[in-house]
Amino acid sequence: MDLTHIDEKGNAFMVDVSEKEETARVAVAQGQIRVNDEVMNAILNHKVKKGDVLTVAQVAGILGLKKTSDLIPMCHPLMLTNAKITFRIDESEQIIIVECTTKTTGKTGVEMEALTGVSVALLTIYDMCKAIDKTMVIENIKLCEKSGGKSGHFINH
């Protein structure tokens with residue numbers, strides 16, 4: 001397999017997508033944070049001193065994903081047509097699952113934006129709750145699904 005971001009001399013470069021076809025592209029990423037009872041109760045009962053954790057994390061994730069090309073050196077800046085961050089809470093397992101869906105119509109995919117959105121949302125939850133417990137664990141960040149482009153539809157269970 002040839003590396004697409006390395007030239008014949010081993011130098012990194014941004015891939016030229018100017019000849020690629022524009023297609024509708026969607027990516028879904030997910031990750032989770034494992035918390036203790038005290039953090040879970042504080043989040044669910046809006047008792048975190050820094051504010052409404054999930055609302056702030058949702059906004060932070062969206063702001064973060066819009067900055068992906070500033071953070072990941074070879075990512076193209078994209079005109080996103082939609083970005084959504086949602087949460088699922090599993091109280092029995094003490095986890096908050098973050099899912100991010102990103103969309104665009106363009107020449108390159110939105111996987112990195114979805115992964116960045118999840119990561120920033122999870123980091124925001126950690127930041128807002130670290131005064132309660134510093135042992136929270138962020139884990140299982142992954143691309144779940146992507147569609148569009150030459151490689152087509154991909155699902156990662």
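The values are calculated or read from the model by the stated rules, or taken from the named source; none is laboratory data. Quick caveat, the model's predicted, so the values are computed rather than measured. Counting neighbours? That spans all protein chains shown, and the Cβs are built from the backbone with ideal geometry, glycine included. Accessible surface areas use protein heavy atoms only, side chains included; no ligands, DNA or RNA. Shrake-Rupley method; radii C 1.70, N 1.55, O 1.52, S 1.80 Å.
Starting from residues that are aliphatic (A, V, I, L, M) and under 16 Å from CYS75 (Cα atoms), keep the ones in region 1-15 and report whichever is modelled with the lowest pLDDT.
Start the filter on region 1-15 by keeping residues that are aliphatic (A, V, I, L, M), which leaves 1, 3, 6, 12, 14-15.
Now narrow it down to the ones that are under 16 Å from CYS75 (Cα atoms): 3, 6, 12, 14-15.
Values: LEU3: 56, ILE6: 64, ALA12: 76, MET14: 73, VAL15: 77.
Among residues in region 1-15 that are aliphatic (A, V, I, L, M) and under 16 Å from CYS75 (Cα atoms), the one modelled with the lowest pLDDT is LEU3.
On the given criteria, is THR105 open to solvent by 50 Å² or more (accessible area, probe 1.4 Å), in a loop (DSSP other than H, G, I, E, B), polar (S, T, N, Q) and over 20 Å from GLY51 (Cβ atoms)?
Numbers: open to solvent by 50 Å² or more (accessible area, probe 1.4 Å): yes; in a loop (DSSP other than H, G, I, E, B): no; polar (S, T, N, Q): yes; over 20 Å from GLY51 (Cβ atoms): yes.
Answer is no for this residue.
So GLU99 ticks every box in (1) over 19 Å from ALA27 (Cβ atoms); (2) open to solvent by 50 Å² or more (accessible area, probe 1.4 Å); (3) of a type outside the set (Phe, Trp, Tyr) but one. Which box is left unticked?
Status for GLU99: all satisfied but (1).
Kindly indicate whether ALA42 is outside any loop (DSSP other than H, G, I, E, B), out of contact with any Cys (no Cβ under 6 Å at 6 or more places or on another chain) and at pLDDT 95 or above.
Values: outside any loop (DSSP other than H, G, I, E, B): yes; out of contact with any Cys (no Cβ under 6 Å at 6 or more places or on another chain): yes; at pLDDT 95 or above: yes.
Here the answer is yes, as ALA42 does meet what is asked.
Those residues that are open to solvent by 70 Å² or more (accessible area, probe 1.4 Å) and farther than 17 Å from VAL56 by Cβ, I need them from region 127-141; list them, please.
LYS134, THR135, ASN140, ILE141
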